[in-house]
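Written below as structure tokens is the structure these notes are about.
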Ligand code: PGA
């Protein structure tokens, strides 16, 4: 399976014109996740498109949900993937139950899901067993009621909260262990996210059982992200 390399632009708006020279390297699957208003502008033959969030109702006729965006709307703009349960959304109120509803709606609407899980620094400081217990809970609640047959449409991004946007990535061996743990709960592809850069991409994308990377800050720089994608394309 090719490594999955995902750009999460968050609430930033890089210029798609500057990315016209970006090429998904053969051997890696590249997904770009811009903010909602820019999805259509980012549609490209060079990579796949993903959204950063989705609402859990998907009324085809629309609905009275001010400010929300449905899975059908995202698909109509060209999104193939959606990130669900990012810690920055959880911090703003997405509970495990909401994450579960979003995941189910996204899948039943034909989107593929990048489910984010990750423990806080506080939980990690209580030891590996506590971190695993927490991650197991996040995975199990997010997946409640989800049929096994849709697992190929789900990838899990392990993103320890303390590593996101801090410049302090997890130790690759710890990420590898957690990826193996997640896969012992659920047979899905597992990515690592949290301060991935071209400087450390090799150690994560080359780690056993890590199937790709979810890249925030470093994805805002096209050439930096291109380098990370190239590393992914060389790893099996
Ligand atoms: P970061 O963000 O690469 O800036 O740490 C990763 C993410 O939030 O998905």
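Observations, loosely collected:
- Any chance residue 139 is closer than 24 Å to residue 161 by Cβ and within 16 Å of the ligand (Cβ to nearest atom): no
- Qualifying residues in the stretch 89-116 (those that are within 16 Å of the ligand (Cβ to nearest atom) and not in a strand (DSSP E or B)) - the one farthest from residue 211 (Cα to Cα): 92
- Matching residues, the stretch 49-88, being away from the ligand (no atom under 16 Å from the Cβ), farther than 15 Å from residue 101 by Cβ and in contact (Cβ under 8 Å) with a residue 24 or more places away in the chain: 49, 72, 74, 75, 77, 78, 79, 80
- Only one of 50, 78, 27, 63 that is at pLDDT 95 or above and either surrounded by fewer than 19 Cβ atoms within 10 Å (Cβ to Cβ) or on the phi > 0 side of the Ramachandran plot (or both): 78
- Test: residue in the stretch 36-46 that is assigned to a loop (DSSP other than H, G, I, E, B) and within 16 Å of the chain's Cα centre (by Cα): no
- The residues of the stretch 4-30 that are assigned to a strand (DSSP E or B) and either within 16 Å of the ligand (Cβ to nearest atom) or over 18 Å from residue 232 (Cβ atoms) (or both), listed by number, are 4, 5, 6, 7, 8, 30.
- Candidate set from the stretch 143-172 (those that are in a loop (DSSP other than H, G, I, E, B) and away from the ligand (no atom under 16 Å from the Cβ)); member that is nearest to the chain's Cα centre (by Cα): 143
- Where a residue in the stretch 162-178 is without any contact (Cβ under 8 Å) to a residue 40 or more places away in the chain and closer than 14 Å to residue 210 by Cα and its partner, wherever it lies, is within 8 Å of the ligand (Cβ to nearest atom) and in a helix (DSSP H, G or I), with Cβ under 7 Å and at least six apart: 170/163
- Output for the stretch 173-199, where each listed residue is within 15 Å of the ligand (Cβ to nearest atom) and either in contact with a strand residue (DSSP E or B) (Cβ under 8 Å, 6 or more places away or on another chain) or within 23 Å of residue 81 (Cβ to Cβ) (or both): 175, 190, 191, 192, 193, 194, 195, 196, 197, 198
- Filtering the stretch 200-236 to residues that are within 11 Å of the ligand (Cβ to nearest atom) and either closer than 11 Å to residue 4 by Cα or in a loop (DSSP other than H, G, I, E, B) (or both) leaves 200, 213, 214, 215, 216, 228.
- Going through (1) more than 16 Å from the ligand (Cβ to nearest atom); (2) crowded, with 21+ Cβ neighbours inside 10 Å; (3) under 17 Å from the mean Cα position of the chain (by Cα) one by one, residue 131 falls short only on (3).
The values are calculated or read from the model by the stated rules, or taken from the named source; none is laboratory data. On a predicted model such as this, the values are computed, not experimentally measured, just so you know. Positions of Cβ are generated from backbone atoms using ideal geometry, with glycine treated the same way; all protein chains shown enter the neighbour counts.
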